[in-house]
1. If I filter region 136-157 for residues that are under 16 Å from residue 60 (Cβ atoms), basic (Lys, Arg) and in a loop (DSSP other than H, G, I, E, B), do I get at least one hit?
2. Taking residue 162 as meeting all but one of (1) in contact with a His (Cβ under 6 Å, 6 or more places away or on another chain); (2) at pLDDT below 95; (3) not small (Gly, Ala, Ser), write down the number of the exception.
3. Scan region 177-233 for residues that are in contact (Cβ under 8 Å) with a residue 60 or more places away in the chain, charged (D, E, K, R) and within 30 Å of residue 23 (Cβ to Cβ) and jot them down.
4. If you go through region 44-77, how many residues are over 18 Å from the mean Cα position of the chain (by Cα), of a type in the set (A, V, I, L, M, F, W, C) and either over 30 Å from residue 6 (Cβ atoms) or open to solvent by 60 Å² or more (accessible area, probe 1.4 Å) (or both)?
5. Quick check, is residue 125 without any contact (Cβ under 8 Å) to a residue 40 or more places away in the chain and open to solvent by 20 Å² or more (accessible area, probe 1.4 Å)?
6. Scan region 181-209 residue by residue and report those that are crowded, with 16+ Cβ neighbours inside 10 Å, farther than 13 Å from residue 85 by Cβ and within 14 Å of the chain's Cα centre (by Cα).
7. Could you please find all residues in region 1-20 being more than 21 Å from residue 121 (Cα to Cα), in contact (Cβ under 8 Å) with a residue 40 or more places away in the chain and among the hydrophobic types (A, V, I, L, M, F, W, C)?
8. Restricting attention to region 137-169, and to residues there that are in contact with a Lys or Arg (Cβ under 6 Å, 6 or more places away or on another chain) and either touching a residue at least 60 places away in the same chain (Cβ under 8 Å) or more than 23 Å from residue 124 (Cα to Cα) (or both), which single residue is least open to solvent (accessible area, probe 1.4 Å)?
Amino acid sequence: MIQHIPIEKVLFFDIETVPQHGDWSEVPETEKELWDKKTRHQRKDEISSKEFYDRAGIMAEFGKIICITIAMIDHQSMLKIRSFAGDDEVKMLREFGEIFNSQRLRDVILCAHNGKEFDFPWIARRFLINGMQPPKPFQMFGKKPWEIPHIDTMELWKFGDYKSFISLELLAHVFGIPTPKDDIDGSMVSSIYHIEKDLQRIVAYCEKDVLTLANIFRRMRQEDLLQRSENTD
């Protein structure tokens, strides 16, 4: 039962991703061809590769991570949040990876919403693409499913129903948690990053998602909502 999981060992996190290039005209020809092949069966006949490129931000081979927000419960039962963000993905991933060298995170339990389908593999793939080994919590080769200490709140909500999908926003609503989508939503991240150049707005959005994620997990355990710690260093 999730009530038995030591919540002080849970690392809540979320990532924000965007297409590698801000405009189709910037995409190298070889990559355009590979994108066309990759998405051919997903696109309808009337949708061109160019028109479909705004979805490159959901594929690790054609996108990049611009923000990773993490959070853990501190000794005062407050949620301490920290974000890694920037245009230099290698630097950001390296700094993120270094946190797993700490003693506290040696046996950490990762928690994300739809993490098993998106966040967990995305981070691992981008580490490899950038010439680095993923942190140990993201290395799953050779492990049996029950040996992987990952928590996915979407999976918890399914209760074995593999047809079910629920957004973080809807799950927050049914549990009476303030919505994290009071400013932007995921569909706007790419344009805010590539066109508006407002990375801090994206960071704020990602941090709201992580606070909401932690509180959804708390509600699933029939526990009170968490407050964010003022100290985010």
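1. No, region 136-157 has no match at all.
2. In the conditions (1) in contact with a His (Cβ under 6 Å, 6 or more places away or on another chain); (2) at pLDDT below 95; (3) not small (Gly, Ala, Ser), residue 162 misses (1) alone.
3. Across region 177-233, the qualifying residues are 207, 209.
4. So the count comes out to 2.
5. Numbers: without any contact (Cβ under 8 Å) to a residue 40 or more places away in the chain: no; open to solvent by 20 Å² or more (accessible area, probe 1.4 Å): yes.
Here the answer is no, as residue 125 does not meet what is asked.
6. Once the filter is applied, which keeps residues that are crowded, with 16+ Cβ neighbours inside 10 Å, farther than 13 Å from residue 85 by Cβ and within 14 Å of the chain's Cα centre (by Cα), region 181-209 yields 186, 208, 209.
7. Selection gives 2, 5, 7.
8. Keep residues of region 137-169 that are in contact with a Lys or Arg (Cβ under 6 Å, 6 or more places away or on another chain), which gives 152, 164, 169.
Next, only the ones that are either touching a residue at least 60 places away in the same chain (Cβ under 8 Å) or more than 23 Å from residue 124 (Cα to Cα) (or both) stay: 164, 169.
Numbers: 164: 34, 169: 88 Å².
Going through the qualifying residues, I end up with 164.
The values are calculated or read from the model by the stated rules, or taken from the named source; none is laboratory data. None of the values given here were measured: they were computed from a predicted structure. In this analysis, Cβ positions are derived from the backbone assuming ideal geometry, glycine residues included, and neighbour counts consider all displayed protein chains. Accessible surface is based on the protein model in full, side chains and every heavy atom, while ligands, DNA and RNA are left aside. Shrake-Rupley method; radii C 1.70, N 1.55, O 1.52, S 1.80 Å.
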